[in-house]
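As structure tokens, the structure follows; a few thoughts come after it.
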Amino acid sequence: PATGHQEIYTGGTPGTAFQKYESPSGTWSGYVNLSGDVENRPCAVYNPGSGNLEVYAKGSTGVVEEDAWVPSTGWTGWKSLGGSTIQGSPACIYDPLSGSLEIYETGSTGTVFEDYWRPGPAGWSGWKNLGATLSGGPAAVYDPATRSLEVWGTGTNGTEWQDSWTPAGGWSGWQNMGGEIGRASCRERV
């Protein structure tokens, strides 16, 4: 909303992240090197509370790193969010009910972790174990119809697993959705 741009983020070689954007007139920029030393593909989310664009990726040290574009100053540079070494790429979403940014990752042993940032002095919550054993990074989506946060992933047996959080009930617990798939992929519902 700040610029009217449509944004694309991708991992590049050798281990840097790139941004490309389309202006409201329909003109695409060239690829912008966001520097850093990241692996796999980044996830990105817009924070309407701050107006920032937030990008998260697995850093060269194996943990999640964050870079943010702030309207008044530009890119902040990559910062580690700590936690355990992850496999795959992190997933990120914005929760409009709490105003929080939610990050989900799969640790090196397959365990799913959550870290969230809330406005105010609290900042980042610290990584919390959500259980489950996935093979690869998770996918996440906010469902406005149910006001739930949903996390999806492929279990080590190749089937789809899902956990959801609602304001009234908290986390539901992982449910096997069946089927045989590759990596989970979600897009925000509108």
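The values are calculated or read from the model by the stated rules, or taken from the named source; none is laboratory data. Predicted model, so just to flag it, every value in this text is computed and none were measured. For neighbour counting, all protein chains shown are included, and Cβ atoms are generated from backbone atoms with ideal geometry for every residue, glycine included. Heavy atoms of the whole protein, side chains included, go into the accessibility calculation; ligands, DNA and RNA do not. Shrake-Rupley method; radii C 1.70, N 1.55, O 1.52, S 1.80 Å.
Number of residues in the stretch 133-164 that are more than 12 Å from GLU102 (Cα to Cα), of a type in the set (A, V, I, L, M) and surrounded by fewer than 20 Cβ atoms within 10 Å (Cβ to Cβ): the value is 1.
In the stretch 35-49, what count of residues is obtained for those that are of a type outside the set (Val, Ile, Thr) and either in contact with a helix residue (DSSP H, G or I) (Cβ under 6 Å, 6 or more places away or on another chain) or modelled with pLDDT of 90 or more (or both)? Write out each step before concluding.
Our first condition is that a residue be of a type outside the set (Val, Ile, Thr); within the stretch 35-49, this holds for 35-37, 39-44, 46-49.
If we keep only those that are either in contact with a helix residue (DSSP H, G or I) (Cβ under 6 Å, 6 or more places away or on another chain) or modelled with pLDDT of 90 or more (or both) as well, we get 42-44, 46-48.
Result for the stretch 35-49: 6.
What tally of residues in the stretch 76-102 results from selecting those that are more than 26 Å from ARG147 (Cα to Cα) and part of a strand (DSSP E or B)? Count: 5. Condition check for SER25 on (1) at pLDDT 90 or above; (2) under 20 Å from GLY123 (Cα atoms); (3) open to solvent by 60 Å² or more (accessible area, probe 1.4 Å); (4) in a loop (DSSP other than H, G, I, E, B): one failure, at (2). Within the set of pairs 6 or more residues apart or between chains, which connect a residue that is closer than 11 Å to VAL55 by Cα inside the stretch 1-23 to a residue that is not in a strand (DSSP E or B) with Cβ atoms less than 7 Å apart? From the stretch 1-23, the pairs are ALA17/LEU34; ALA17/GLY36; PHE18/GLY12; PHE18/TYR31; PHE18/LEU34; GLN19/LEU34.
Go through the residues of the stretch 63-75 one by one and say whether even a single one is assigned to a loop (DSSP other than H, G, I, E, B) and under 15 Å from the mean Cα position of the chain (by Cα). Scanning the stretch 63-75, I find at least one residue that is assigned to a loop (DSSP other than H, G, I, E, B) and under 15 Å from the mean Cα position of the chain (by Cα), so the answer is yes. Within the stretch 33-48, the residues that satisfy the criterion of being farther than 24 Å from SER100 by Cβ and loosely packed, with under 15 Cβ neighbours inside 10 Å are ASN33, SER35, ASP37.
When THR73 is tested against the conditions (1) modelled with pLDDT of 90 or more; (2) touching a strand residue (DSSP E or B) at 6+ places or on another chain (Cβ under 7 Å); (3) open to solvent by 70 Å² or more (accessible area, probe 1.4 Å), the lone failure is (2).
Does GLY62 satisfy the condition of being more than 24 Å from PRO119 (Cα to Cα), open to solvent by less than 70 Å² (accessible area, probe 1.4 Å) and at pLDDT below 90?
Values: more than 24 Å from PRO119 (Cα to Cα): yes; open to solvent by less than 70 Å² (accessible area, probe 1.4 Å): yes; at pLDDT below 90: no.
Against the criterion (more than 24 Å from PRO119 (Cα to Cα), open to solvent by less than 70 Å² (accessible area, probe 1.4 Å) and at pLDDT below 90), GLY62 does not qualify.
Say we look at the stretch 166-183 and pick out the residues that are outside any loop (DSSP other than H, G, I, E, B) and open to solvent by less than 60 Å² (accessible area, probe 1.4 Å); which of these is farthest from ILE103 (Cα to Cα)? Before you say what the answer is, go through the steps one by one.
Of the stretch 166-183, the ones outside any loop (DSSP other than H, G, I, E, B) are 166, 170-171, 175-178.
Those still in the list that are open to solvent by less than 60 Å² (accessible area, probe 1.4 Å) too: 166, 170, 178.
Values: THR166: 16, GLY170: 16, GLY178: 25 Å.
Top of the filtered list is GLY178.
Among GLY30, GLY83, GLY51, which is open to solvent by 30 Å² or more (accessible area, probe 1.4 Å) and at positive phi? Before the answer, list the steps.
Working: GLY30 fails: at positive phi; GLY51 fails: open to solvent by 30 Å² or more (accessible area, probe 1.4 Å).
Just one listed residue meets the conditions, GLY83.
Hey, any hits in the stretch 29-42 for a residue that's under 29 Å from ALA168 (Cβ atoms) and of a type outside the set (Asp, Glu)? Outline the logic, then answer.
Filtering the stretch 29-42 down to residues under 29 Å from ALA168 (Cβ atoms) leaves none.
No: zero hits.
Scanning the stretch 100-132 for residues being open to solvent by less than 30 Å² (accessible area, probe 1.4 Å) and of a type in the set (D, E, K, R) gives a total of 4.
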